[in-house]
Amino acid sequence: MLDLKFNFNKIENKKKIKDINETSKALILLGNCYMTKTNKDGEEIRKALDCFIKADKIDKQNLILKAKIGNLLYHQGEMDLSIKIYNKALLIDPDNLDIKINLGKRTFNMLIF
């Protein structure tokens, strides 16, 4: 009987992990919807950023998500935060060329402006 309970707990844990992953995916999709609106304004961008940040709290290893957050923060004028996000992404994947390029561009633009 103990074995059955143990297996049930494993199944419940897997379900919770799946639910968490599905929540992250849903937030990313919602953020993408805000980004693709034809008449997006500052409020739509902010909503997209909020969705991506919530998803990032769930899925901390998602480099594409971090790149989206970094880009949106940069375009919102949050250059310092943008660079921090890119640096966090590099801690996950130090050899990621896209992240390095974006970080370089953002840092260079901060020095110019």
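Values quoted throughout were computed directly from the atomic coordinates according to the rules given, and no laboratory measurement underlies them. Computed from a prediction, not measured in an experiment: that's the story for all the values here. Counting neighbours? That spans all protein chains shown, and the Cβs are built from the backbone with ideal geometry, glycine included.
Observations, loosely collected:
- Rg over Rh [alpha-carbon atoms, Kirkwood Rh] for segment 50-91: 0.93
- Charged neighbours of Ile92, selected by a Cβ distance under 9 Å, balance to +2 (K, R count +1; D, E count -1).
- Pairs from the table (Lys47/Lys100; Lys54/Lys88; Lys37/Lys84; Lys57/Lys88) lying more than 24 angstrom apart at Cα are Lys47/Lys100; Lys37/Lys84.
- Segment 19-113 - Kirkwood radius from inverse mean 1/r over Cα pairs (Å): 13.6 Å
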